Structure formats: structure tokens, C-alpha cells
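First comes the structure, then the notes that go with it.
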Amino acid sequence: MSNVIQLKKVVKEFDGPAGRVSILKEVSFQAEQGEFVGIVGPSGSGKSTLLNMITGIDRPTAGEVTVLGEGIHHLGENSLAQWRGRHLGIIFQFFQLLPTLTALENVALPAHFCKVGRGRARKERAMNCLELVGMVQHAHKLPGELSGGQQQRVAIARALVNDPPLLVADEPTGNLDSQTSAEVFGLFQRIVAEGKTMVMVTHDRGLAAKLPRVVEVLDGRILTSNGQHPSIWATEPQLAQVR
Ligand code: ADP
Ligand code: MG
């Protein structure tokens, strides 16, 4: 297995009204190809900030971030955006689809941006991704005409359109009912089984219990990264059963 994500002693500080605050405190983390890693932790603990380090959406104050062999903190904004578009699929809690574009157009957007495929081939590529998530029949609808679960499926198709090796999801089921969450999670499992690497922040204990590795973030530090279940949940009988 090859290394996909390597964070070494990553520090992230923000300037707040009360001075500098340290949000990530020398966080080290890695993920190998084909892994499906969960990230859990209380609200405000630094989970999204950690993902933003991996995606390059934000830059570390100190430390090293290597993703797919690229030291991404060395890239300029434009090269970083192109690099991200080709190598990463990002999935958000609130889908972030463009409201005036159809599902198909939303899915094709990253391919346009990164010049992956052209014309008809690009459209076919987007259509194939919609098929993968079971949304072909809704291809020409606007996001506003779709349910939350359907919108998230479209967002997943969009994340897959450039066939990136790494998927990063920030509470992707946070806005879905439990049945739809389970379906979306099933999709992720299939995608990972096909060889992609995935990192997912989640508040859903049931889903986290199904992941082979869960990392707990608490107050800007990683507590668990060795395949054990998070300490805050360790007493839950529900988890004891699963393992
Ligand atoms: P989580 O995703 O675990 O809920 P976040 O990573 O979003 O937590 O945020 C961790 C902490 O960092 C919070 O206290 C938040 O207010 C602070 N924070 C996040 N982004 C910024 C920013 N751009 N400027 C200042 N503070 C921030
Ligand atoms: Mg968050």
C-alpha cells in the first residue's frame, strides 16, 4: 500500500479577538491507499480545519502536508486549485451544488475546470458518474427539484467525475435522514472497495462503528489513530457489539 496522506506536526493558528489561537496542535496523521478513515470529535475540535489542511483549502501555520506525493503547501493558488480538481473529490454536508445548473452540469463542472475530457466525452463521463450514484433519471433537474439525499448523490457524482484517487467528506450525511445516510455510506463503501482512499468526518456513531479506522480529534489534537475506537465512545455497548 502506498501512502496517500501524510501530515507531519501540522500547526494551525488563527488570529482571534483575544489574540492567536491554536486550532491544530502538532497534528500528525497518515492514510494509505485504499483506506476508509473516519474522523470524529466534538464540534469545534478542529475536524474541518484538519480536512482543510488535506485539501489545501487552508494552509498550515507550521508543519508538512504531503498528499499523493505532493507537498501541497508549496503550491501557489492556481496550481493548487488545478491539482485539487484532478486528485481530490470533496463532499460537503450541504452539498454545495450550483442552484442554476442541472445535476448533469454540476457534475461536469470539475471536468470543465480541469479540462478533463471534452465535449460529448465530458458529458458522457458526467452521465456515467450519475449512473454510478443512481441519478441518471434526474440528470436534467435543478438541485432545487431534488431531495437532500438526491442532491448529495449528485455531489458525490461531481466528486468522482475527474476520477480522483482521494475523496474527502466533511459530515456528508449530517443533513440526511438515517435511511438515506445508510445508502450514501453504502455508496462510499463501494467506491473505496474499488480502490479509492477516503477520509470522512462524521457525527454518526453507527456509521463510524462500521469503519475500519476512526481517528478522534479533541481540542486540536489527535487522540486515536491506531485502529482503536474513540475513547469518548468506548463505553457505548453498541460499539462493543460491532467490533
Ligand atoms: P469542527 O469541524 O471540529 O467543528 P473546526 O475545524 O471548524 O471544528 O473549528 C475548530 C475551531 O477553529 C473552532 O473554534 C473555530 O471557531 C475555529 N476556526 C475555524 N476556522 C477559523 C477561521 N477561519 N478563523 C478563526 N477561527 C477559526
Ligand atoms: Mg466541521
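Observations on the model:
- Put simply, the convex hull of the Cα atoms in the chain casts, on average, a shadow of 13.9 nm².
- By the rule of a C-alpha distance below 28 Å, with chain neighbours fewer than 8 residues away ignored, the lysines paired with LYS196 are LYS8, LYS9, LYS12, LYS47, LYS115, LYS123, LYS210.
- The loop-placed GluC sites (Glu not before Pro) in the stretch 90-196, going by DSSP, that have at most 15 neighbouring Cβ atoms within 10 Å of their Cβ come out as GLU194.
- For the options GLY220, GLY119, GLY63, a Gaussian network treatment of the chain with springs between C-alpha atoms closer than 10 Å singles out GLY119 as fluctuating the most.
- Globularity index of the stretch 1-130 is 1.21 (Cα radius of gyration / 2.2 N^0.38 Å, N = number of residues).
- From least to most packed, judged by other beta carbons within 10 angstrom and beginning with the fewest, HIS138, HIS74 follow the order HIS74, HIS138.
- Cleavage-rule hits, trypsin sites (Lys or Arg not before Pro), the stretch 51-139, DSSP coil, Cβ neighbours within 10 Å at most 15: LYS115, ARG118
- Every helix of 4 or more DSSP H residues in the chain counts as -39500 (n - 2.57), and over all residues that averages to -10500 deg cm²/dmol at 222 nm.
- Counted over the chain, the DSSP beta bridges are approximately 55% antiparallel.
- For the chain, the relative contact order comes to 26 percent (Cα pairs under 8 Å, sequence separation of at least 6).
- Taking amide H positions as modeled 1.01 Å from N, with prolines and chain starts lacking one, no residue 5 or more places away or on another chain lies under 5 Å from VAL161.
- If you wrap the stretch 78-217 in the convex hull of its Cα atoms and look at it from every side, the mean projected area works out to 8.6 nm².
Each value in this text was obtained by applying a stated rule to the coordinates, not by laboratory testing. Remember, it's a predicted structure, so these values are computed and weren't measured experimentally. Here the Cβ is made from the backbone with ideal geometry for all residues, glycine too, and neighbour counts use every protein chain on show.
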